Each structure stands twice: as structure tokens, then as C-alpha cells.
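To start, the structure under review is shown below, and the notes come after it.
No lab work stands behind these numbers, since they all come straight from the coordinates. Everything quoted here is computed from the prediction, not taken from an experiment. All Cβ positions, even for glycine, are placed from backbone atoms using ideal geometry, and neighbour counts span all protein chains on display.
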Amino acid sequence: METKETLSRTEPRKTIVEDSEFYKYIFKKTEKIVCAVFYILRSEQNDGQKDMVIADVEDTASVLLDVALQSLNAPVSCTDVEARRVQLALIALESNLRVAHASRLLREGYLEVFLHEIDSVQRSLRKYIEQSISYNPFGETNRPVEQIRERRVVQPRKQMGNDDAPRIETAPAVPRRDRIVGVIKDKGEATIKDIAYVVTDCSEKTIQRELIDLIKDSVIVRDGERRWSKYRLI
């Protein structure tokens, strides 16, 4: 008769590769980004010379692909851990791509496309990472970040008797308009995707409507057109 231990060893382990969304929106898109990086960088170089900056970009791209491949074989229970590893590898690649652009080894148009695609994968990763995030600035635990919209504030009453207890009031959530302005202020200038990465309780269309109102109220201005638009404070 098989014991539970024997059954657990013989049953197939469910791995991340069986998660169709992870495979399609994270692994496959990451794979395409890495392939594009190697293709574009090597086609841009002259006389087969390999600059050190370009070598760094290619190294981080290779690491990113290795991390993405390894994540597929990990158990489903470790999805959040693997998602964090992919996220860090993406950040490293983005950083080196910016350095390559600053060194005039990567055209601005290519950089913009890479940043857009990396941002797309990062947004997909958030679903897996935020499930395990605990927010604990005032003793609150096991609550996802996006669910914490307000903070409990304890204010004592003016007159306290023997039976009196502290009164608990709830501080109102910060208005969406103010949060959008805050993102733009912190970054100096921001795209709609930059804002959507922080303001997660509404769609990009809603953020765009708020931005239009802020422009009408002479709070911000827009630079650029369509997908390249950036917003800054006046």
C-alpha cells in the first residue's frame, strides 16, 4: 500500500510553465526583448568592434533570459520568488540600456521601444509579486499594498472618564488627482504608464482624463504627442 509520502514523490510536480499567463506575458515577451537586444546592438556596431558598454548590455540580457528560463521549472508555490528574480534582471537590463543610450551606442528610438516592452513585462509581474507583499508601517500585516488606501488614526477625546476609550477615526484616502500630481512632481516629468504604475486603482483612460483636466486648470503641461507624451508641472 502506498503511503502519503510515496504518493507525494510519484505525483507530478506542478511548475510555473503550466501557468499560461506567466509563459505568454512574461517568459515569451522577455525572450523577444532579449533577442531584439542582441539583434539591434550587433547590427549597430561597426567593424565588429565590441564596446565594453555593449558587452555589459549583452551580459545582462543573457542573465535575464537564463533567469526567465529557470523560472519555468520552479514549483508554482515559488512563483512570487521567481517573479522577483525576473523583475530584478529586467531592471538591470533597463539600466544598462540607458547607459548605452547615454554613451551614444543605442538610438533613442530603440531605447524607447525597449523601455516600453520592459515596462509591459514589469506590469505583468506585479500580479505575482504583490500577492506576497505585506505592508507594515504601523503594525498592519498581510495586506496587499493596493488595498491600503487609508490609515487609522487614534485621537483621544478632550474629556476622558473612567469608561471613556480612545476614539478611532479614519483618515480619508488621498484623492486620485493629488496622487497623479505627486507622481509628476517626484519624477520631474512622467508618462501615463509611469503614473499608472503608482496609481493602480483606475485605468489608463481615467488617468488620461485627469491629466486633461489638470492641463485645462493650468497645473501641468504636456510635451510630445500620443504614446511619447510626457507631463510636467508648470
| task | Run ILE220 past the list (1) among the hydrophobic types (A, V, I, L, M, F, W, C); (2) touching a helix residue (DSSP H, G or I) at 6+ places or on another chain (Cβ under 6 Å); (3) under 23 Å from ILE118 (Cβ atoms) and report the number of the one that doesn't hold. | result | (3)
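Which count do you get for residues in the stretch 89-111 that are touching a residue at least 60 places away in the same chain (Cβ under 8 Å), surrounded by fewer than 18 Cβ atoms within 10 Å (Cβ to Cβ) and under 18 Å from VAL34 (Cβ atoms)? Give the derivation first.
Narrowing the stretch 89-111 to residues touching a residue at least 60 places away in the same chain (Cβ under 8 Å): 90, 93, 97, 105-107, 110.
Retained after the next criterion (residues that are surrounded by fewer than 18 Cβ atoms within 10 Å (Cβ to Cβ)): 105, 107, 110.
Narrowing the set further to residues that are under 18 Å from VAL34 (Cβ atoms) leaves 105, 110.
Residues meeting the conditions: 2.
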| request: Identify all residues within the stretch 49-86 that are touching a residue at least 12 places away in the same chain (Cβ under 8 Å) and not in a helix (DSSP H, G or I); write none if there are none. | output: ASP51, ASN73, ALA74, PRO75
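Taking the stretch 191-234 only, how many residues are small (Gly, Ala, Ser), out of contact with any strand residue (DSSP E or B) (no Cβ under 8 Å at 6 or more places or on another chain) and not in a helix (DSSP H, G or I)? Before the answer, list the steps.
Just the residues of the stretch 191-234 that are small (Gly, Ala, Ser), to begin with: 196, 203, 218, 224, 229.
Those still in the list that are out of contact with any strand residue (DSSP E or B) (no Cβ under 8 Å at 6 or more places or on another chain) too: 196, 203, 218.
Remaining after also requiring not in a helix (DSSP H, G or I): 203, 218.
Matching residues across the stretch 191-234 total 2.
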| request: Would you check which residues across the stretch 180-190 are in contact with an Asp or Glu (Cβ under 9 Å, 6 or more places away or on another chain) and either closer than 19 Å to GLU108 by Cβ or not in a helix (DSSP H, G or I) (or both) and list them? | output: LYS187, GLU189
